[in-house]
Amino acid sequence: MTEKPRITVVDDYDAMSKLAADRVADVLTANPDAAITVPTGSTPAGMYKELVRRINSGELDASRAQIFCLDDYLGQTPEDEASLTKLLINEFLEPANIPAENIHFIPTVGDDPHTAAKQYEADIAAAGGLKLAVIGLGPNGHVAFNEPGSGPDTRTRVVDLTRESRDQNAAYYEGAEIPEQAITMGIGTILDAENIVMIVSGEGKAGIVGEMVNGPMTNDLPGSWIGQAGERAELIVDQAAATEIKK
Ligand code: PGA
């Protein structure tokens with residue numbers, strides 16, 4: 001990366017989760033109506049647990065936040081058990097009592113997903129733009145479903161999934177077959193956010209984190225484009241995932 005995000009190395013998964021929850025809380029405290037996007041997968045589960053605890057104890061008010069889903073499989077509805085949005089509903093939106101009218105599902109069904117994707121971008125703009133994008137990093141360097149080959153100008157669109165990502169995500173559903181296409185916010189959509197927080201944990205991600213931070217910004221490793229956001233982006237990484245970062 002030529003420009004670098006801020007890099008915060010924390011002890012472990014719990015510390016990463018709490019700090020990520022702090023970042024969400026800071027944005028919502030400063031701007032209760034903020035539009036934010038948050039990821040699915042195994043990494044954010046601890047952050048959601050912490051946010052739900054804070055919201056239900058009254059420490060944090062998220063009742064006015066506008067939540068935009070980052071990505072999902074084409075053809076799966078938020079009611080489908082095998083959708084990413086369903087995971088988000090179960091882990092965060094429902095236990096945190098986020099009002100239904102404040103939840104923006106990424107358009108996965110319908111005759112014209114391309115037009116719907118453009119409308120989704122317009123909806124984000126109408127909500128004032130994203131104040132915060134929390135994202136993860138896939139083992140192949142993907143961010144949301146921006147697979148290798150995705151550039152910094154990509155917007156919300158339909159994408160083909162790699163075999164690797166489909167196998168990775170099958171683990172969330174006890175080995176179910178994962179659809180071949182998805183709809184995802186683009187790298188450009190994410191880079192437009194006022195703040196970007198990337199969370200990464202575990203020794204299994206150490207190699208890709210090292211490649212991302214030490215190497216150039218490249219479409220081969222879409223997560224590397226957060227370097228373009230400079231100080232607006234923060235990589236929160238636990239020690240196990242930070243071992244390959246060169247000082
Ligand atoms: P994970 O997925 O949190 O399950 O590792 C991250 C990602 O693919 O973005």
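Only the coordinates and a few stated rules stand behind these numbers; no lab work does. Since we're looking at a predicted model, the values are computed, not measured. Neighbour counts run over all protein chains shown; Cβ positions are idealised from the backbone, glycine included.
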Legend entry - Fraction of beta bridges assigned by DSSP in the chain that are antiparallel (%, nearest 5): 30 percent
Inset, instruction - In square nanometres and to one decimal, what's the mean projected area of the convex hull around the Cα atoms of the chain? - result: 11.8 nm²
Legend entry - Those trypsin sites (Lys or Arg not before Pro) in the range 55-148 that DSSP places in a loop and that have at most 16 other beta carbons within 10 Å: ARG64
Inset, instruction - On a C-alpha basis, how far is the centre of the range 41-74 from the centre of the range 89-135 in Å? Whole number, if you could? - result: 13 Å
Legend entry - Label-point gap, in nm, between VAL9 and ARG232 - each point 7 angstrom along Cα→Cβ: 2.8 nm
Inset, instruction - If a/c stays under 1.5 just call it rounded; otherwise compare a/b with b/c (prolate if a/b is bigger, oblate if not). Do that for the range 40-113, with a ≥ b ≥ c from the square roots of the Cα gyration tensor eigenvalues. - result: prolate
Legend entry - For the range 133-190, the Rg and Dmax computed from alpha carbons only, in angstrom: 11.3, 34
Legend entry - Distance cut-off 13 Å, percentage of C-alpha pairs in the range 157-206 lying past it: 71 percent
Legend entry - Violating pairs (Cα-Cα greater than 24 angstrom) within the set LYS49/LYS131; LYS118/LYS205; LYS4/LYS49; LYS4/LYS246; LYS205/LYS247; LYS131/LYS246: LYS118/LYS205; LYS4/LYS49; LYS131/LYS246
Inset, instruction - Over every pair of different alpha-carbon atoms in the range 33-180, take the mean of 1/r and invert it; report that Kirkwood radius in Å. - result: 16.0 Å
Inset, instruction - Could you quote the convex hull projected area for the range 142-232, Cα atoms only and averaged over all directions, in nm²? - result: 6.1 nm²
